[in-house]
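This report refers to the structure that appears directly beneath it.
Where a number appears in this text, it was derived from the coordinates with a stated rule and is not lab data. Since the structure is predicted, the reported quantities are computational estimates derived from the model, not experimental observations. Counting neighbours? That spans all protein chains shown, and the Cβs are built from the backbone with ideal geometry, glycine included.
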Amino acid sequence: MRPLRAPGRSPGPAGPSAAWLAPAALFLGVAFLVPLATLVATAARGAPGALWLALAGVWARPHTRHALANGLGLSAAVSLAAIALCLLPAELLARRRFPGRGAARLLLSIPLAFSGVIVGFLAIVMLGRVGVVPSLARAVFGRPFGEGLAYALPGLFLAYLFFEIPRAVLALEAAFARMDPEVDAAARTLGAGPVRRFARITLPALRPALVGTFATTFSVSLGSYGAALILSRRFSVLPVEAYQEFTAFGNDAGACAMALWLAAISLVVSAVAAREARPRG
Amino acid sequence: MKSRTLLAWIGILAGLCLSRAASGQEKTVIQYDCIPNYANWGGVTALYQQKTGVRVPPDPKGSSVALAAIEKEKENPVADTAYYSGAIGYVAAQKGLHQAYKPKGWEKIPADLKDPGGLWWTVHTGTIAFLVNTSALGGAPVPRSWADLLKPEYRGKVVYDDPTWGGTSYTMLYGLNVLMGGDEKDFRPGLDYLRKLDANVLTYPRESIYNGVLRGEVPIWINADGNGYKMKHADNGPIEVVIPKEGTFSMPLVMGMVRGAPHPEETRRYLDWLLTPEAQAEFSKGFFRPVVAGAISPEIAGKFLPPAEYARARNLDLAKMAAASDALKKAWLEEIRRSR
């Protein structure tokens, strides 16, 4: 009989060599560290202290400060909503075998294939002035609903939600699949109701996955720009401001400083999430 | 087994891409701001490829963005040429981003529509107008004047491009300010009007919304007249082109050869060709007025509004417009786009 071992962890000589990390590390180095160094150098161009001035400028100018705050709020709200919406579907996908399960999973991951710009156009097709939703509402209720919503905050929120759903569902499904169903079954035998089991067993067991999923969806939303570029009339986010600074005025230093803020915030969120996700004990 | 099939497909695809790249015989000229639905660039570049085999790929940048990109790439140019609304091309030439070239047919361009040194020249002209999708107005009458556009019945129905993206919109922004009594130093009158108009604006796009207007998503687009005529006559849309009562602005659309253009010979040949009667007639199919007199067929000329309407279009001073461009665009961003 083979000794029992936790799945996924293979200590000792049986595991793959750490050398396999090299290609990924090399890629990451080239694709992340080099651009990061360029960004820092660009933002710092000119006088000493220019980097700090540029970074402070993002916070000091009202429109970039608002855009950053908008992005933080929107990303947090979208991530929480995506997680809340995806918990049940993820559990279903992980634990039940039902006809159409493969199709459902496929459907939920479709948004992964679309760039933000395409999601923006989708939002206009659905919730634009002559979008599908207002047209249907006019046909059914005699008056339009959601007309032009695509250009306002609700449209932007829905567009972001659309592309965060697959990320949340797939991450949470994996987490549900790793959970030991025996514990839940035991609790049921001991008479615990569904709510109590969810609060006392499922949620604590899922905590690392929830935190990790939040960090991923939050960072992706914070850095996303395509949907906002197409949709936002006034509600702006920092990536769009960086784009505008760079393309319309050629202000490299300003755009780079905004990029550095975004990168720093994403890194901090990921680091905190990694710490939080570490199993306690 | 499955993954092997997948790998095979990936291999075939990669091979196709490589063979296309390796065949490399395909010559290209890179033109920044080459939007297929604007001034019939799609038709013009397709005709050029068919005649010469040289490809001029589409490029979605508006003039302002094209200018910023060429400036950015100054040390290592990617573009061979660029197309701009007049003032933006003037700025590019002033900034030293162009090299002098006088394409064949130079003498056919009127003197006030070209730089004497050959740094920029006009290929065709347009006029700022309201392009109105009459089936999308929801019962409201077709607006006839700038004053009409402020009426509450047009709430959420008016669109003009972000002028930091597109030169057509910058022409409108500058022209409106002049029309309302401002000048190249005083932007207040124009911005005051646009601030009021903001209540009716659906969005300030940074991409071509030609198709949105055709579909009725955008009922009123303030843009170049030719794009509206094309929607009406080439795409059979329910579109009416309106020259506003108080007046409007004509807009030379210019080109220049980028300093350090990577394909100089091909580019000169292409720029020469764009002034031939053949190419000029092709632009007129997009309802932009050829700069070379006589290139437009009577049939197409007859589809424009009567000349009396165009008498209300003023010419703008490109030098003043160019000098104001950075400050005016920034003022627009602060006062309109970023206002809350």
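If R0 is 45 Å, the Cβ-Cβ spacing of A:Ala60 and A:Ala94 corresponds to a FRET efficiency of close to 0.40.
Cross-link check: pairs B:Lys51/B:Lys285; B:Lys74/B:Lys320; B:Lys102/B:Lys185 evaluated at a Cα-Cα cut-off of 21 Å; pairs beyond the cut-off: B:Lys74/B:Lys320; B:Lys102/B:Lys185. With only the Cα atoms considered, segment A:42-84 has a convex hull volume of 73 Å³ per residue. The Cα atoms of chain A give a gyration tensor whose axes a ≥ b ≥ c have a/c of 1.5 or more with a/b no greater than b/c, which makes the shape oblate. Quick one: go through segment B:303-335 and flag any residue whose amide nitrogen is under 19 Å from the point 7 Å out along the Cα-to-Cβ line of B:Arg188. Inside the label zone: B:327-335. The alpha-carbon atoms of the protein assembly as shown define a convex hull whose volume equals 221 cubic angstrom per residue.
In chain B, the DSSP-assigned H stretches of four residues or longer account for a calculated mean residue ellipticity at 222 nm of -11500 deg cm²/dmol, using -39500 (n - 2.57) per stretch and the full residue count as denominator.
For a straight C-alpha distance cut-off of 12 angstrom, the aspartates and glutamates reachable from B:Lys151 (same-chain residues fewer than eight places away being disregarded) are B:Asp198. Largest first, the three principal axis extents of the alpha carbons in segment B:85-226 are 51, 34, 24 Å in whole numbers. Taking a ≥ b ≥ c as the square roots of the eigenvalues of the Cα gyration tensor, an a/c ratio of 1.5 or more together with a/b no larger than b/c marks segment B:257-340 as oblate. Approximating the spin labels as points 7 Å out from Cα along Cα→Cβ, the B:Gln49-to-B:His263 distance works out to 1.1 nm.
Normalised by residue count, chain B yields a Cα convex hull volume of 172 Å³ per residue. Distance between the 7 Å Cα→Cβ label points at A:Ala271 and B:Val142: 6.3 nm.
Taken along the Cα-to-beta-carbon direction at a fixed 7 Å, the label points for A:Ala50 and A:Ala113 span 4.6 nm.
Here the residues B:Thr168, A:Thr213, ranked from fewest to most Cβ neighbours within 10 Å of their Cβ, fall in the order B:Thr168, A:Thr213.
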